[in-house]
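Let me begin by presenting the structure, written as structure tokens, before commenting on it.
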Amino acid sequence: MKRLGLLIICLTLISLLAACGLGTDNTMPPSPLVQFQPTLQTNVLWSHNVGDGNGGYYLRLVPAASNGVIYAGSHKGVVTALDAKTGAVLWQVSVKQSITSGLVAGGGNAIYFGTGNAKLFALSMQNGQVLWKTAVADEILAQPQYVNGTVLVHTLSGNLAAYSAQDGHRIWSFDEDVPSLILHAAGQPQIAGNMVIAGFANGELVVLDINSGQVIWEQHVAYPTGDNPISQMVDITVNPVVVNGVVYAATYQGQIAAYSLDNGQLIWKHKISSYAGITANQSQIFVSDAKSRVWAFDEEAGAVNWRQLQLLGRGITGPVIYNDALVVADSYGYLHFMSLADGHFLARVSIGNGALAQPISYLGNLYVYTSTGTLLAIHSAKK
């Protein structure tokens with residue numbers, strides 16, 4: 001109860017600090033949209049309303065994609081399957097519970113997601129029928145992960161558990177202590193070979209054996225500093241990234257760090273604050289920071305290659321790489337396309353409403369799910 005009480009206090013401070021809160025940074029006005037000459041041709045292929053979106057809460061309801069179909073869930077419990085090319089609705093169901101996580105597709109036959117009342121659902125890809133549901137440790141805000149018949153779930157209370165994709169029975173469970181005051185978000189566990197990589201609200205990065213849940217190594221990406229609970233928050237709410245045998249993780253009010261996947265040895269670190277997301281290609285690590293600046297770091301040495309500062313205060317999502325561009329959505333209804341080489345703007349697209357969920361790249365298109373429940377398919381090409 002103490003943790004939940006403090007979390008409620010944290011969420012009421014959003015308008016003062018944008019600290020626990022995420023989304024737009026109310027301590028600064030949004031940067032105006034700068035003028036530039038677009039070098040990409042962008043087209044909205046289709047858009048469709050699929051529910052109430054995140055219902056006004058900070059929920060990163062990332063859609064799932066599989067076999068030419070996009071699956072999206074809304075806070076009020078509506079799940080919709082749409083043809084990825086045409087946007088035609090294939091089916092729509094209501095699970096009558098609040099969906100609080102993104103969706104993940106797995107095994108060619110099911111999609112998985114979490115709810116606010118601590119349930120993990122499996123729905124048939126074919127018709128949306130509930131295949132099974134099971135109770136978990138706490139509210140699920142992190143997008144589940146699927147690998148080889150196993151669904152991995154990271155709950156708000158610091159529990160990471162593996163469940164059978166066939167019937168939902170629990171295979172193993174791991175608990176990490178979390179502070180009293182935490183961000184209302186969590187990162188999706190990532191997979192590398194037989195390892196599960198997850199970040200927690202205490203700033204700890206943990207690598208576990210996927211079969212047993214035994215810890216292989218763990219590292220503190222950041223330690224709490226400051227003289228009050230808010231300044232001591234160092235949550236890892238972004239999804240870790242693995243590239244070329246190196247794990248990259250970033251914390252709120254802390255740093256981004258690179259570790260050897262094999263043994264957890266620190267390779268480099270850099271001070272930063274991020275809750276939105278990171279992504280990578282084979283040479284650079286890209287980060288959206290807490291003030292909506294976009295950073296590009298050299299993968300090997302950690303040097304800053306470039307920063308894009310003209311989105312300050314716009315509440316951007318984590319970045320995604322799409323068609324040789326880096327793309328973020330913002331909380332004011334725009335998609336921003338940037339050069340991977342130096343961060344300059346390539347294109348901008350109005351999406352009508354803001355987005356919290358990181359866009360996804362699939363079958364040559366970009367899919368964006370807005371906070372009010374509109375799913376859009378966008379295509380870009382060089383002019």
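Assuming a viscosity of 0.692 mPa s and a temperature of 37 °C, what translational diffusion coefficient in µm² per second does Stokes-Einstein assign to region 62-106, Rh being the Kirkwood radius over Cα pairs? Don't jump to the answer; show the numbers that get you there.
On the way: Rh = 10.6 Å.
The Stokes-Einstein estimate is 310 µm²/s.
Taking the Cα centre of region 2-382 as origin and assigning +1 to Lys and Arg Cβ atoms and -1 to Asp and Glu Cβ atoms, the resulting dipole is close to 880 debye. Straight Cα distances below 15 angstrom link residue 271 to the aspartates and glutamates 235, 289, 298, with same-chain residues fewer than 8 positions distant left out. Across all Cα atoms of region 27-174, the radius of gyration (one decimal) and Dmax (whole number) stand at 17.1, 54 Å.
Here's the list of lysines a cross-link from residue 269 could span, going by alpha-carbon distance under 24 Å and ignoring same-chain residues fewer than 8 apart: 291. The distance from the alpha carbon centre of region 183-251 to that of region 351-383 is 27 Å, rounded to a whole number. If the cut-off is 30 Å between C-alpha atoms, which lysines fall inside it for residue 119, apart from same-chain ones fewer than 8 positions away? Hits, sequence-local ones excluded: 2, 76, 96, 133.
Going through [x] 20.6, 60; [y] 43.2, 141; [z] 19.3, 56, the figure that equals Rg and Dmax of the Cα atoms in Å as computed for the structure here is [z]. Under the combined filter of DSSP loop state and at most 15 neighbouring Cβ atoms within 10 Å, region 83-139 retains none of its chymotrypsin sites (Phe, Trp or Tyr not before Pro).
Packing, taken as the mean count of other beta carbons within 10 Å per residue, orders the peptides 137-143, 28-34, 99-105 from highest to lowest as 99-105, 137-143, 28-34.
Rounded to the nearest 500, the 222 nm mean residue ellipticity of the chain from helices alone is -1000 deg cm²/dmol, with -39,500 (n - 2.57) taken per DSSP H run of at least 4 residues. All other residues whose Cβ lies under 14 angstrom from that of residue 136 are scored, Lys and Arg at +1 and Asp and Glu at -1, for a net of 0.
Every number in this text was worked out from the coordinates using simple rules, so none of it is lab data. Every value quoted in this text rests on a predicted model; they were computed, and no experiment measured them. Quick reminder, even Gly has a Cβ in these numbers, built from the backbone with ideal geometry, and neighbours come from all protein chains shown.
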